[in-house]
1. Could you check the range A:100-128 and list, in sequence order, the residues that are of a type in the set (S, T, N, Q) and more than 31 Å from the chain's Cα centre (by Cα)?
2. Considering only the range B:254-273, state which residues are touching a residue at least 60 places away in the same chain (Cβ under 8 Å) and within 9 Å of another protein chain (Cβ to nearest Cβ).
3. If B:I241 satisfies every condition in (1) surrounded by 22 or more Cβ atoms within 10 Å (Cβ to Cβ); (2) in the same structural domain as B:V366 (by TED's automatic domain parsing) but one, which is the exception?
4. Is there a residue in the range A:232-240 that is in a helix (DSSP H, G or I), within 22 Å of the chain's Cα centre (by Cα) and facing another protein chain (nearest Cβ under 8 Å)?
5. Quick check: anything in the range A:373-395 in the same structural domain as A:Y434 (by TED's automatic domain parsing) and either touching a strand residue (DSSP E or B) at 6+ places or on another chain (Cβ under 9 Å) or within 20 Å of A:P414 (Cα to Cα) (or both)?
6. Inside the range A:200-217, can you point out the residues that are surrounded by fewer than 17 Cβ atoms within 10 Å (Cβ to Cβ), outside any strand (DSSP E or B) and over 19 Å from the mean Cα position of the chain (by Cα)?
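The values are calculated or read from the model by the stated rules, or taken from the named source; none is laboratory data. Worth saying up front: this structure is predicted, and the values here are computed from it rather than measured. When we count neighbours, we look across all protein chains shown, and the Cβ atoms used for this are built from the backbone with ideal geometry, even at glycine.
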There are 2 protein chains.
Amino acid sequence: MYERILELIEEKKFVLLKEELKEMRAADVAEAFDELDKKNSIILFRFLAKDAAADIFSHLSTQQRKDIVSAMHETQLNEIMEELYFDDMIDFLEEMPANFIKRILASASEEERKLINQFLKYPENSAGSLMTIEYVDLKKEMTVKQALEHIKKTGVDKETIYTCYVLNDKRKLEGLVSLRKLVLFDDDLFISEVMTEDFIATKTLDDQEEIASIFKKYDLLTLPVVDKEDRLVGIITIDDIIDVIDQETTEDFQRMAAMEPSEEEYLRSGIFSLARRRIPWLLLLMVSATFTEGIIGRFEDVLQAVAILAASIPMLMDTAGNAGSQSSTLIIRGIALGEIELEDYLKVFKRELRVSMVVGVVLGSVNFLRMLIFSSAPLNIAITVSVTLVMTVMMAKIIGGTLPIAAKKMKLDPAIMAGPMITTIVDALALIVYFTIATSMLGL
Amino acid sequence: MYERILELIEEKKFVLLKEELKEMRAADVAEAFDELDKKNSIILFRFLAKDAAADIFSHLSTQQRKDIVSAMHETQLNEIMEELYFDDMIDFLEEMPANFIKRILASASEEERKLINQFLKYPENSAGSLMTIEYVDLKKEMTVKQALEHIKKTGVDKETIYTCYVLNDKRKLEGLVSLRKLVLFDDDLFISEVMTEDFIATKTLDDQEEIASIFKKYDLLTLPVVDKEDRLVGIITIDDIIDVIDQETTEDFQRMAAMEPSEEEYLRSGIFSLARRRIPWLLLLMVSATFTEGIIGRFEDVLQAVAILAASIPMLMDTAGNAGSQSSTLIIRGIALGEIELEDYLKVFKRELRVSMVVGVVLGSVNFLRMLIFSSAPLNIAITVSVTLVMTVMMAKIIGGTLPIAAKKMKLDPAIMAGPMITTIVDALALIVYFTIATSMLGL
């Protein structure tokens, strides 16, 4: 789709470009910006129809927005700001420097200014930072017919009209009515008769991850956000929740791979920003791994006597790490999806105990045969390595399964207790087991 | 919420239970089933109001459904089947044994039977297996007013009425109209004037992951599914897409931790089913890791001469594994979210080269100082270990960053090229580098 846009810009066929842009979807046009340099981005943006420009603008990345805004006149900028949905505008302003926000506030009305300031104060990842103010409000005393007329008059600029909010004179939220009901029900019923009073609402400071769970559990399309006095301050729509789900999952992936999470896309991140997010955990884990140096140091005479023992260390450690990662990943994901709770601690322990026995015995047996047949290792060495393997797999799985729950219990992110951390812990334990078994088996 | 239900069942206050159940949300009642044994599940289900029962039924797990169905009379079962949305019924039937499906088909009408058979044939994870048939269809020649009347008459049983589908006499999909437009536009306009002809549709066999991307990209609430002749066969709704997103992400997590993916919840899986999914990859990786045995074996005389070299092997291998996991995780996630494409291969390579230089030099320097100051290691050993560290971190990150893209290129799932696999590959390389540097540095 976007190739056509690039072609037209390349060939400077701007009249045709303007024509064809009208027929294109915002999301497709936005993709074209990914392929353009700053100069051509600005050119392309100039040729967008006024009403499409805001929609496309809300699809762009931070850097792309900054580039385009830097080349805009004040009036153009204000036009775009006015066309943006309120939540998209706030998202955009949050990324911009303070003096830019001042410029925007200066040209806003008193009321808008207050509202913008209020929304900019909501913490990132809170309900407040997700919500928009373009909703339909109704009164209890209206009839269905009056409500539909009210929607017809005011609905054009609303982000959604599929759920309407029934407010009293103090803007307290009294009920919800879906457009579905308004269309299906009789015209002369009162809103008070058709509205749902038993609705779910969230508070401005609630965390976005919890809000996403509510959307999933109740299959919602929108969720109202109220303040302490139960007054409606905004609504959250499902499209933003899908972004939240992706964002929270990406954070989990990054934490589980021992990185500081970031919302920046990989290809848009600077080299030093990427390095900075990776170094702290790598350092911490590297220093922790030096415990293993001490352990090997303590058993140096054993190694000196039976150097062949060293050969199996990498395999033992890799397998322990892999076995632990499997368990911790399943548990971390289960916690994230709400399938595993704190009180399932014992259940998880018992399951991992049993699963790890099965897995350990299978791996240990295969390894035993392999060492005897293919590596023609001495019997006592093969036994030492295989018994260690069974025991480390069991330790790894039990630790991997329970540490994420322990982390959750301590109000830490369970995702920290993933592969890298588990591997570091289990490696040290594996070595101790290995050398202990070796010394007694080999009579050292 | 569910605690109250358990309490009432416990105390056998069934009249009260029946009353209170009426006020509860389906998703909350479904949660109570998680805490009940088979006998009490059946009791609870009996006390549900008829219209709520189907809704709650669609929230239950496979095993819970089987338990409840096993205790149902034929008539009861048929009532539930009739109340279920078509996609939920198909989901349920897919889980049931063939003779159960036969029973259901026997009591269905000729037309229903054909439809059920057709839907059961769609492969898992295809558009066909996600879609439902409860949609509103309109005709081009209707006016907005007639369309709204048509919706009022037929809309009650539809899964959604927010997007309506304009079909010709052969059921070919000609356009979409949102309920938003129908409500906001003038009553006497024709549907042909207000419908969107430039809509996005998917085919029955399209993969659910692609479909989820389309929903995300275009912020859709529903998506029509058409057959080869462009006839509408069903629609997919956003609530099912959220489940798809969670399911696909869980699959990625599991593959990245070297497991066969499964949709079963952890706490509901059997011990052997859990073990079976973990053993194959662990075995494969274990056997691959024995390459390292050969490498260490080849350098046994070096180790014998300088036994202290063995002490740093675990730290080097852990750090290499962690560094590689970081890169592969970022790239795999980037590919899954569509942020990184095949043609970004070279960009990723260059970035990882530069990032890994920064990370490697920082880690190497810290390790050098640590070994000299805290472990009081000989200078040449400290240099050997630290130089190896820089080189393995660089190798790990470049391999970790590029292998997922290579896998994608070879039509494999990039998630396979995650931590465990990267660690196994990089460990072998790390050892070779380590001993090569050691032999030349230490003049062995």
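1. A:S107, A:S109
2. Within the range B:254-273, B:M256, B:A257, B:A258, B:E265, B:R268 qualify.
3. Going through (1) surrounded by 22 or more Cβ atoms within 10 Å (Cβ to Cβ); (2) in the same structural domain as B:V366 (by TED's automatic domain parsing) one by one, B:I241 breaks only (2).
4. Looking for residues that are in a helix (DSSP H, G or I), within 22 Å of the chain's Cα centre (by Cα) and facing another protein chain (nearest Cβ under 8 Å), one finds at least one in the range A:232-240, hence yes.
5. Within the range A:373-395 (the criterion being in the same structural domain as A:Y434 (by TED's automatic domain parsing) and either touching a strand residue (DSSP E or B) at 6+ places or on another chain (Cβ under 9 Å) or within 20 Å of A:P414 (Cα to Cα) (or both)), the answer is yes, since at least one residue qualifies.
6. A:I200
Let's see how each residue does on (1) charged (D, E, K, R); (2) over 24 Å from the mean Cα position of the chain (by Cα); (3) surrounded by 17 or more Cβ atoms within 10 Å (Cβ to Cβ):
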site	(1), (2), (3)
A:L130	no, no, yes
A:M142	no, yes, yes
A:Q146	no, yes, no
A:G155	no, yes, yes
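One line per residue, one yes/no per condition, for (1) at the interface with another protein chain (Cβ under 9 Å from one of its Cβ atoms); (2) in contact with a Leu (Cβ under 9 Å, 6 or more places away or on another chain); (3) acidic (D, E):
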{"site": "A:I296", "(1), (2), (3)": "yes, yes, no"}
{"site": "A:V306", "(1), (2), (3)": "no, yes, no"}
{"site": "A:S312", "(1), (2), (3)": "yes, yes, no"}
{"site": "A:D318", "(1), (2), (3)": "yes, yes, yes"}
{"site": "A:G334", "(1), (2), (3)": "yes, yes, no"}
{"site": "A:I340", "(1), (2), (3)": "yes, yes, no"}
